[in-house]
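Engineer: Before anything else, here's the structure in question.
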Amino acid sequence: MRKVDADLVMKGLDAMVKNPRCELEHNSPFELLVAVILSAQCTDKRVNQVTRELFKTHNKPSDFAAMSQGELEEKIHSCGFYHNKAKAIISASRDIIERFGGVVPNKFEDLLTLAGVGRKTANVVMAVAFGGDNFAVDTHVLRVSNRLGIVKTKDPNKCEEKLCAFFPKKKWSRLHYQMVLFGRYTCKAIRPECERCLFNRECPQSRV
């Protein structure tokens, strides 16, 4: 967009993504935490396929803390990067037990101290599990933000900072998932569907 207007962006996203929600299936803050860790460089669809079986037997920190890394790697293998993810999940589970009484912490700074938890993961858990005002930046949000001209950066942290300054705080969590779903299903990395995008006349990346 030549001159990016926050109200115009919010209006467009409200029209195109009416019911934004987290597509990772979970029944507790801990299950969400595990699912978000698994989702790194993996589709939500694949993560859900894995966790539907995994969470039948392992859905509490104590379940994962007692597992061997090899056992967990076998269960999450298809999510990719299974070695690092298994190590992080087991370590985070033990930390949650030892430092937080077995309960996923509901403070952003505490979440960041857990293995495998960066700003994106912490923001998702805060927004979805605890109803916080947070703006998580994943690959979809980063791509959409750049294409719409809101930011000009490949750095997720700088993008998060700009988005938080650009949009009203009370809208952050909703906008995060609107941008995720908009990027996943319309403003795709390859072959974006510009013909059905309400931003197609103003967007500098539009192919219409």
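Every number here is computed from the coordinates shown, using simple stated rules; none is lab data. Being a predicted model, the structure only gives us computed values, none of them experimental. No Cβ is skipped: glycine too gets one built from the backbone with ideal geometry, and neighbour counts run over all protein chains shown.
Engineer: Restricting to Cα pairs below 8 Å that are 6+ residues apart, what does the relative contact order work out to for the chain? Please round to a whole percent.
Structural biologist: RCO, the chain: 23 percent.
Engineer: Where in region 1-104 are there chymotrypsin sites (Phe, Trp or Tyr not before Pro) that are in a DSSP coil and have at most 16 other Cβ atoms within 10 angstrom of their Cβ?
Structural biologist: Sparse-neighbourhood loop chymotrypsin sites (Phe, Trp or Tyr not before Pro): Phe81.
Engineer: Taking the Cα centre of the chain as origin and charging only Cβ (+1 Lys, Arg; -1 Asp, Glu), how large is the dipole, in debye to the nearest 20?
Structural biologist: It comes to approximately 880 debye.
Engineer: Pull up the cross-link candidates among the lysines for Lys56, meaning alpha carbon to alpha carbon under 16 Å and not fewer than 8 places away within one chain.
Structural biologist: Lys75
Engineer: PRE reach from Asn19 (point 7 Å along Cα→Cβ): which of region 122-151 fall under 16 Å by backbone N?
Structural biologist: Hits in region 122-151 for Asn19 at 16 Å: none.
Engineer: Summing +1 for each Lys or Arg and -1 for each Asp or Glu, what net charge is found among the other residues whose Cβ lies under 13 Å from the Cβ of Val50?
Structural biologist: Here the charged neighbours net out to 0.
Engineer: Ranked by Cβ crowding within 10 angstrom, fewest neighbours first, how are Thr153, Thr57 ordered?
Structural biologist: Thr57, Thr153
Engineer: Restrict the search to region 1-78; then list the trypsin sites (Lys or Arg not before Pro) that DSSP places in a loop and that have at most 10 other Cβ atoms within 10 Å of their Cβ.
Structural biologist: Filter output for region 1-78: Arg2, Lys3, Lys18.
Engineer: Something else: With no solvent and one point per C-alpha, what does the Debye sum give as log10 I(q)/I(0) for region 29-130 at q = 0.24 Å⁻¹?
Structural biologist: -1.43
Engineer: Using a Förster radius of 41 Å, what is the FRET efficiency between Lys152 and Ser28 based on their Cβ-Cβ separation? Nearest 0.05, please.
Structural biologist: 0.60
Engineer: Restricting to DSSP H runs of at least four residues, report the calculated mean residue ellipticity at 222 nm for the chain, -39500 (n - 2.57) per run over all residues, nearest 500 deg cm²/dmol.
Structural biologist: Computed mean residue ellipticity for the chain: -15500 deg cm²/dmol.
Engineer: Here's another thing I want to ask about it. Which trypsin sites (Lys or Arg not before Pro) in region 101-208 pass both tests, a DSSP loop state and at most 12 other beta-carbon atoms within 10 Å?
Structural biologist: Taking region 101-208 and a limit of 12 other Cβ atoms within 10 Å, the loop trypsin sites (Lys or Arg not before Pro) found are Lys152, Lys154, Arg201, Arg207.
Engineer: Checking the table Lys45/Lys85; Lys11/Lys120; Lys45/Lys170; Lys154/Lys188; Lys18/Lys154 against a 19 Å threshold on Cα-Cα, which pairs fail?
Structural biologist: Cα-Cα > 19 Å for Lys11/Lys120; Lys45/Lys170; Lys18/Lys154; rest within.
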